[in-house]
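First comes the structure, then the notes that go with it.
Every read-out reported here was derived from the displayed coordinates using simple, explicitly stated rules and does not represent laboratory data. Please read these numbers as outputs of a predicted model, since none were measured by experiment. In this analysis, Cβ positions are derived from the backbone assuming ideal geometry, glycine residues included, and neighbour counts consider all displayed protein chains.
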Amino acid sequence: MDLLSTGRSLSIVGVHRGWASSVSADAVQRFKHETFWGREKENLIYPIGLANLILHGIDRPNIWHGNALTGDEVYGGLFQGAPTQFDVILTNPPFGGKESVSAQTNFDYRTSATQVLFMQHFIRSLRHGGRCGVVIDEGVLFRTNEEAFVKTKRKLTDDCDLWCVLSLPGGVFSAAGAGVKTNLLFFTKGKATEKIWYYDLSDVKVGKKTPLTLKHFEDFAAMLATKGDSERSWTVDLAARKAKAATDAQPFKDLARAKSAEADAKRERLSELKKAKPRDETAITTADAEIAALVKEAREATAKAEAIENAVYDLKAVNPNRKAEVDTRTPSELIEIIEAKGDDVAAALVSLRSLVGRDA
């Protein structure tokens, strides 16, 4: 569910029972009735979300039931009076799903990947200065081979300050049916991203008996204010990366422009050849081939320039401070280990055969 906040009473967020005496009754009512707004598509989860908010003191849960991407409404009675943009968005959009072409028409960068459409939706739904915290699958961060992924990340970093990426361990959401690796993204709308601070929890082992807990985030929370470097954290200068990519891509852009201009000149010559009498078919064929070759070279140069610039938007968390685990065992030691394991297997087989013989 998307949890949206107008921010009008954020100073008392977290206050539930035992309201402070300094908080006015009007402020309490605004907090309970006008601060939190949400959207939920699933029929089963919708009533659970309503009940959860009511149990936590929000006696009028402003949750809209329907498809946020298409705008198809199931029930919107509780969403009346909702603002069109919000100060805070906290959300875990579905990823791995597919949306119809009709849903894609509502967005600038069309794709069937729901998580990419939702990222566009969140940016659009934030007010200037608004903040967002979102759980997103890692594929969104590293994929640069699809136009919608690249353009969405370019819009994110051009229109918003993506100030933190927290890399989560694999399997955190496997109990909820999401087996892919995920990250937490935090960004503020209204200022382009210059630097991104990363924090890495991907090496934490998570399982049914060892869940991810708040304790795992204590160091992250302690370092968040200064965004310093450590074994788990580092900073990427996105502005510098963009500048370098632009410099590296420029020669290929220049080459593409030159080849295109040369092809245009050849086309003019080809037009003259076709009008000439008698027609020189050999010269026409040669000119056609030369134009095709120039167009191909221009296209290849453009593709190389785009690949260099698109690589900027591979935002995956790759920890430069993590020490690689190197196996220092020699070949002889490995052979001894294999032989020892072989002896263990042979002994186990002998034991099994004796048990089978005894039963017979």
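Ignoring everything except DSSP H segments at least 4 long, calculate the 222 nm mean residue ellipticity for the chain; use -39,500 (n - 2.57) per segment, divide by total residues, nearest 500.
My calculation for the chain gives -14500 deg cm²/dmol from helical runs alone.
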Distance from a point 7 Å along Cα→Cβ of GLU290 to each backbone N in region 246-280: keep the residues under 19 Å and list them by number. 256-280
C-alpha center-to-center spacing [region 123-145, region 19-62] in angstrom: 25
When only C-alpha pairs under 8 Å and at least 6 residues apart count, what is the relative contact order of the chain, in percent? 11
Rh by Kirkwood over Cα pairs, then Stokes-Einstein D for region 244-313 at 1.567 mPa s and 4 °C, µm²/s: 97
At each listed q (0.11, 0.15 Å⁻¹), what is the log10 of I(q)/I(0) that the Debye formula gives for region 217-360 modelled as equal alpha-carbon point scatterers? -0.76, -0.94
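Taking trypsin sites (Lys or Arg not before Pro) as exposed when DSSP calls them loop (any state but H, G, I, E, B) and at most 14 other Cβ atoms lie within 10 Å, what is the longest stretch of the chain free of them, the sites themselves excluded?
Between exposed loop sites, the widest span is 18-190.
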Once all Cα-Cα distances of the chain are split into 10 Å bins that start at 0, what whole-number percent is in each one? 4, 16, 22, 20, 13, 11, 9, 4, 1, 0, 0
Please sort by residue number the GluC sites (Glu not before Pro) in region 165-245 whose DSSP state is loop and whose Cβ has at most 12 other Cβ atoms within 10 Å. GLU231
Partner aspartates and glutamates for LYS227 [C-alpha distance under 17 Å; skip if fewer than 8 residues away on the same chain]: ASP161, GLU194, ASP200, GLU218, ASP219, ASP237
